[in-house]
Amino acid sequence: MSETDLDSDSEDLFDDDSRFSRRVKRYAQVGGQVGGLAAQLAGKRLFGRKLDAKKHSGELREALGGLKGPLMKAAQILATIPEALPEDYARELRELQHNAPPMGWAFVRRRMRTELGAGWEKKFARFDKEAAAAASLGQVHRGESHDGRELAVKLQYPDMASNVEADVEQLRWAFRVYRQYDSTIDTSDIYKELVARLHEELDYEREGRHIALYRLMLAKEAQVQAPEPLMELTSKRILTMTWLDGRRLLDFAEANPDQEVRNRAALNMFRAWYVPLYYYGVIHGDPHLGNYTINDDASVNLLDFGCIRVFRPAFIKGVIDLYHALRDEDDDLAVQAYTAWGFGETAKRKEVLQVLNIWARFIYRPLLEDRVQSIHEGSSGAEGARTISRVHRELRKHGGVKPPREFVLMDRAAVGLGSVFIHLQAEINWHRVFNELIEGFDVKQLEKRQKAALKKVGLPEEIP
């Protein structure tokens, strides 16, 4: 892309007509691929045509992987939700990585000037021209503050707001088409959740407050670090924070074969995700390999805070209640838990409850057994696939379900962290770790902590 092309991307000069035209351009970029999915699914359903899902899903992954923007992000999240997409598509979309090529210096210079003013360079002791990392929504540059701190400066790519509006419409269409193909899982609330989180990820000032929230929640966790946001050098489309050094998970695992070190890293990751959840009702919804690093002492650095979910305290109580229900074989408590999650009257039907519990026992299994074990001991990817297939098949018999919107990131975090623990080959008594964490749980105390924390960092207290 030339500098002239980049100049034409300056959102600050857009009027309503040009914004609309860019949304139309975005439709054209992604519409062919999403439309191809729609046409092939429709052809299979209406005309009995053979659907070459493996071939087409690979093409879809390649197309999305070349697009900077929210559709790629949504695809990655969606691919982790069991049965939300056909397996061939889910498998391919899970392979999407944050490897979009960075934008050039012309864009960087203009973005910084627009957001921080004409003299933006003087606000840094050093600012590196070359991007240190590139992702789906933005790219990161290294810098240095005048007091000597190493900085990470994240710049949002051009026209992401228009891309969101275009992409969520394409996503809505894809969901509708798939509902015609298979209505077992009602994805309407999943769609709402994806849209809400994608809009939030565009607001870098909000992400800065997310970082402040995590620093507060993890203040007593010496083995987990979050960067310090510099709000005076942050705007809606630029986020400046301190730089945290560390190694990627796979590099760390290869360099540290010692089992004790691996276990310690896994426990630190566990606490990084679940101390905020069970003490404050907040979860980091994207344990993607690029969103954290691990230090030589097995401590964890959290790097990206765009995809954060605040839960109703009653939902967190439901998570714990379901654990107790499975442990004690208490169907009444299980119904109470699923109802608190938002499954409604459906979960009260005995046949549906039994099917949901098949899924729940598989997910909760490591927490229910009081012994040291790997997170996947006694199970495998094949067994997981068989379990999901069985649940889907049985739910179809009984009219399907409508997963609550909170389920999306909860499930994504569980799947993502499970993958982390497998990579680390961790062997831990997950039962004891979990029970120590939830000991003395009080939903009213969680609610008080949550409200106080959100208020302190300036985040909305109203939870969708």
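Annotations
- Each principal axis of the Cα cloud of the range 175-316 was taken in turn, and the coordinate range along them, longest first, works out to 50, 41, 30 Å.
- Hull shadow area, averaged, the range 253-358 [alpha-carbon convex hull, nm²]: 8.5
- Members of 220/317; 123/456; 220/451; 236/451; 397/444; 192/451 lying beyond 29 Å, as alpha-carbon distances in this model show: 397/444
- The range 112-159 pair-distance distribution - Cα-Cα, 5 Å bins, rounded %: 5, 21, 27, 27, 15, 4, 1
- For the range 306-406, the spherically averaged projection of the C-alpha convex hull amounts to 7.6 nm².
- Here the range 106-262 yields Rg over Rh of 1.06, to two decimals, using C-alpha coordinates and the Kirkwood radius.
- Each Lys or Arg adds one and each Asp or Glu subtracts one; over the other residues with Cβ under 15 Å from the Cβ of residue 254, this totals 0.
None of the figures in this text is laboratory data; all of them are computed from the coordinates on show. Source: prediction; values computed, not measured. Neighbour counts are summed over all protein chains in view; Cβ atoms, including those assigned to glycine, are modelled from backbone coordinates with ideal geometry.
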